[in-house]
Amino acid sequence: MNYVDAVVLLAILQYLAFGLLVGRARGRYGIKAPAVTGSEPFERAYRVQMNTLELLVALIPGLYVAARYWPAPYVAAVGAIYLVGRVLYWRAYVTAPARRELGFRLSIGPVFVLALASLVPALMGKGTV
Amino acid sequence: MNYVDAVVLLAILQYLAFGLLVGRARGRYGIKAPAVTGSEPFERAYRVQMNTLELLVALIPGLYVAARYWPAPYVAAVGAIYLVGRVLYWRAYVTAPARRELGFRLSIGPVFVLALASLVPALMGKGTV
Amino acid sequence: MNYVDAVVLLAILQYLAFGLLVGRARGRYGIKAPAVTGSEPFERAYRVQMNTLELLVALIPGLYVAARYWPAPYVAAVGAIYLVGRVLYWRAYVTAPARRELGFRLSIGPVFVLALASLVPALMGKGTV
């Protein structure tokens, strides 16, 4: 198994699924493009997708850079925490946005960890893997 | 020709061009930063850029991961469909947002195809190229 | 030092820092999720993060693709200009959005340069490094 590729692909598919939920909410709550406001449930679904986009853009390069300096299974495990965190975030946000904190921390935490864990070895020019 | 790199660069330049159109619309319709609403034509240009951003973040890693498992010309061909789909999407959105469906499908479809086509070989640990 | 990795990681961390400022502004100005409007200072912080996201999605692949065709220190230097441009953009946007032009140009310029500088060698299939 190519651990990092697998986690990246699952993160992409999870993100696309959140996007499909936005499309469905657009239909269900009658939000006509280009509007992105006007219905609280629609806005929640949209914010889940946007917040996931905000993290994904940093997560994916973070995973691949980290995999140059650390063993792939460890890097993929950090990415797996992100995947679980996003599920918790989504579940919380659509029911009670104020309770999204745990899922948010479990998904932004791995992004920070990946970037910080690679910074020193990258600055020192050491690839340990 | 490095097919995948070429498609990635064209996708980036296309996306930056959509961004320039948003900047131009900001001036033309008098939408002062930080506002992103207040003019339907501006909002349409902005949504084209945002929707392209939403796909690009998944398309680019999808292309590179797929290129590890499938021949580069095939992967690039899927990316080329995305590029055409985005042009159709943009043309439709700025004139009649309700008709953006075909362009949307032709551009999100390739993103799904790339991620799904790589998932099984990544999970099985096989790089065929 | 792995120049390109280092610049990518710094760009990710800078972007995450802008995201933390949005979270802080959300608390300080009482903007409850899923709203992203209702306070000018909040909207400025949010637009800095969003605009950085818009560039980052093109910058990171642009850096790695360019590093296949040009020497890494030059590529990283272009990325460093982006990092400085983003700081200027952020400083200007939160105080006087109308003055954000210089920082914007210094950060979108490198993104264009990276994509354009790689396009011809990618189309010709030449990796010079």
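The values are calculated or read from the model by the stated rules, or taken from the named source; none is laboratory data. A quick note: this is a predicted structure, and the numbers were derived from the prediction, not measured. Don't worry about glycine lacking a Cβ; one is built from the backbone with ideal geometry, like all the others, and counts go over all protein chains shown. When the accessible area is computed, the model is the full protein with side chains, heavy atoms only, and any ligands, DNA or RNA have been set aside. Shrake-Rupley method; radii C 1.70, N 1.55, O 1.52, S 1.80 Å.
Listing for the model above:
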quantity: Residue list for region C:108-129, filter: in contact (Cβ under 8 Å) with a residue 24 or more places away in the chain, in contact with a Leu (Cβ under 7 Å, 6 or more places away or on another chain) and at the interface with chain B (Cβ under 8 Å from one of its Cβ atoms); calculated: C:ILE108, C:VAL111, C:ALA115, C:SER118, C:ALA122
quantity: Any hit, region B:93-100, residues being facing chain A (nearest Cβ under 10 Å) and open to solvent by less than 10 Å² (accessible area, probe 1.4 Å); calculated: yes
quantity: Candidate set from region A:22-31 (those that are closer than 30 Å to A:ILE81 by Cβ and surrounded by fewer than 17 Cβ atoms within 10 Å (Cβ to Cβ)); member that is farthest from the other protein chains (Cβ to nearest Cβ); calculated: A:ARG24
quantity: From the options B:LEU59, B:LEU9, residue that is closer than 20 Å to C:ALA115 by Cα, without any contact (Cβ under 8 Å) to a residue 12 or more places away in the chain and open to solvent by less than 10 Å² (accessible area, probe 1.4 Å); calculated: B:LEU9
quantity: Yes/no for C:PRO34 being within 7 Å of another protein chain (Cβ to nearest Cβ) and of a type outside the set (Ser, Thr, Tyr); calculated: yes
quantity: Residues located in region B:1-19, provided they are under 16 Å from B:TYR93 (Cα atoms) and more than 8 Å from chain C (Cβ to nearest Cβ); calculated: B:GLN14, B:ALA17, B:PHE18
quantity: Members of region A:67-107 that are without any contact (Cβ under 8 Å) to a residue 60 or more places away in the chain and among the small types (Gly, Ala, Ser); calculated: A:ALA77, A:GLY85, A:ALA92, A:ALA96, A:ALA98, A:GLY103, A:SER107
quantity: Answer residue from region A:62-92, given it is farther than 25 Å from A:MET1 by Cα and buried (at least 16 other Cβ atoms within 10 Å of the Cβ) and is farthest from the other protein chains (Cβ to nearest Cβ) among those; calculated: A:LEU88
quantity: Condition met for C:ARG105 (within 12 Å of the chain's Cα centre (by Cα), modelled with pLDDT of 95 or more and open to solvent by 50 Å² or more (accessible area, probe 1.4 Å)); calculated: yes
quantity: Qualifying positions in region C:32-42 - in contact (Cβ under 8 Å) with a residue 12 or more places away in the chain and open to solvent by 50 Å² or more (accessible area, probe 1.4 Å); calculated: C:PRO41
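Every residue, every condition in (1) in contact with an Asp or Glu (Cβ under 8 Å, 6 or more places away or on another chain); (2) under 26 Å from C:LEU20 (Cα atoms); (3) among the hydrophobic types (A, V, I, L, M, F, W, C), yes or no:
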{"site": "A:LEU9", "(1), (2), (3)": "no, no, yes"}
{"site": "A:GLY30", "(1), (2), (3)": "no, no, no"}
{"site": "A:SER39", "(1), (2), (3)": "no, no, no"}
{"site": "A:ALA45", "(1), (2), (3)": "no, yes, yes"}
{"site": "A:LEU55", "(1), (2), (3)": "no, yes, yes"}
{"site": "A:TYR82", "(1), (2), (3)": "no, yes, no"}
